[in-house]
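Asker: Here's a structure for you.
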Amino acid sequence: MFNILAFERREKIMHHLYRDKKAFVSTLAEEFKVTEETIRRDFEKMEKEGIVTRTYGGATLNLHTNEDLPYQTRNAINIEAKKNIASKMNELLHDGDTIMADTSSTVLESLKEIQLQKSKITLITNSIIALQEFSNSSFTIISTGGELRTKSMSLVGTVSASTVEHYNADIALLSCKSLSMTHGITDSNDPEGDLKRNMAKKATKVILLADHTKFDKVAFVKIMNFDQINCIITDQKPSKEWLEFLTSKSIELIFKKSETSH
């Protein structure tokens with residue numbers, strides 16, 4: 001790995017941390033062909049962002065049920081899985097559909113894919129990033145308005161809730177932090193959790209986007225039960241137990257390129 005850019009190196013370190021929960025300065029320095037001081041600076045930056053806790057010789061990943069990572073950090077994690085999920089979206093949408101979309105990076109990737117294939121979509125969103133990303137697109141865009149949460153680049157609160165309540169949508173396109181058969185669909189904070197719940201209530205069909213790392217985990221805030229979901233798109237085939245569970249809930253499951261389960 002020669003001549004790798006700093007942000008690319010940190011993204012790969014992030015993948016390493018999410019896989020192993022810890023990383024060592026010496027190992028990463030050798031892997032990326034950089035000095036140990038360079039890796040220590042990476043860890044220092046990641047510690048300031050709340051992603052890791054530095055330890056002697058390395059760092060450990062901070063993962064808590066209420067961990068609310070900055071948008072830029074979330075956007076860098078599992079990007080290939082997000083693109084894989086996004087590639088499945090167009091078969092579920094039609095020109096003329098109205099979509100309510102949350103602020104997740106997985107949903108943003110899916111909206112990028114939708115933009116390439118569909119020309120007449122109305123998008124209702126509380127995502128500042130989406131408003132910027134699609135300002136020159138063919139989408140008809142409605143912002144929820146509301147109070148800005150700078151960390152997640154989202155709009156929340158009573159104004160956002162009122163806007164969502166005002167409209168009806170064909171599809172709610174949502175993501176989450178965790179899925180548990182016993183605890184339901186959960187996320188890391190109340191304000192966005194509330195808005196996702198409201199979006200789901202105002203949509204004819206609710207599509208949940210969740211990569212394989214989110215299964216069998218529990219986060220801080222319960223968003224909804226599985227009986228409020230119509231479809232889950234993920235990047236890998238879940239376990240047999242999950243397949244049976246989702247079938248029992250009559251949830252359509254879409255994963256990988258040509259595999260579908262009902």
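The values are calculated or read from the model by the stated rules, or taken from the named source; none is laboratory data. Here the structure is a predicted model, which is why all the values come from computation and not from measurement. The accessibility values were calculated without ligands, DNA or RNA, using every heavy atom of the protein model including side chains. Shrake-Rupley method; radii C 1.70, N 1.55, O 1.52, S 1.80 Å.
Asker: Subtracting the Cα-Cα distance from 0.36 nm times the residue separation, let me have the gained length for Asn136 to His15 in nm, one decimal. Let's see the in-between values first.
Answerer: Working: separation 121, 0.36 × 121 = 43.56 nm, distance 3.24 nm.
Computed gain between Asn136 and His15 is 40.3 nm.
Asker: I need the shape label for segment 143-230. Rule: rounded when a/c is under 1.5, else prolate if a/b > b/c, else oblate, with a, b, c from the alpha carbon gyration tensor. Could you put the intermediate results ahead of the total?
Answerer: Working: a/c = 2.14, a/b = 1.34, b/c = 1.59.
The shape class here is oblate.
Asker: Give Lys48/Lys202; Lys45/Lys151; Lys45/Lys196; Lys21/Lys48; Lys151/Lys177; Lys21/Lys196 a once-over and call out the pairs whose C-alpha atoms are over 27 Å from each other.
Answerer: Working: Lys48/Lys202 38 Å; Lys45/Lys151 16 Å; Lys45/Lys196 31 Å; Lys21/Lys48 17 Å; Lys151/Lys177 16 Å; Lys21/Lys196 29 Å.
Flagged as over cut-off: Lys48/Lys202; Lys45/Lys196; Lys21/Lys196.
Asker: Related question: Take the chain, compute every pairwise Cα distance, and split them into 10 Å bins from 0; I just need the percent in each bin.
Answerer: 7, 29, 33, 21, 8, 1
Asker: Just read off the accessible area of Asp190 with the full protein assembly in place, 1.4 Å probe, to the nearest 10 Å².
Answerer: 80 Å²
Asker: Measure off, as a whole percent, the carbon and sulfur share of the 1.4 Å-probe accessible area of segment 119-262, all protein chains present. Mind showing how you got there, number by number?
Answerer: Working: 3120 of 6610 Å².
Looking at segment 119-262 in its full context, I get 47 percent from C and S.
Asker: Another one. How much accessible area per residue does the chain have, counting only protein heavy atoms and a probe of 1.4 Å, in square angstrom?
Answerer: Working: 12550 Å² over 262 residues.
Per-residue accessible area for the chain comes out at 48 Å².
Asker: Could I ask something else about it? Subtracting the Cα-Cα distance from 0.36 nm times the residue separation, let me have the gained length for Glu165 to Thr55 in nm, one decimal. List each step's numbers first, then the result.
Answerer: Values: separation 110, 0.36 × 110 = 39.60 nm, distance 4.72 nm.
Contour length minus the Cα-Cα distance gives 34.9 nm.
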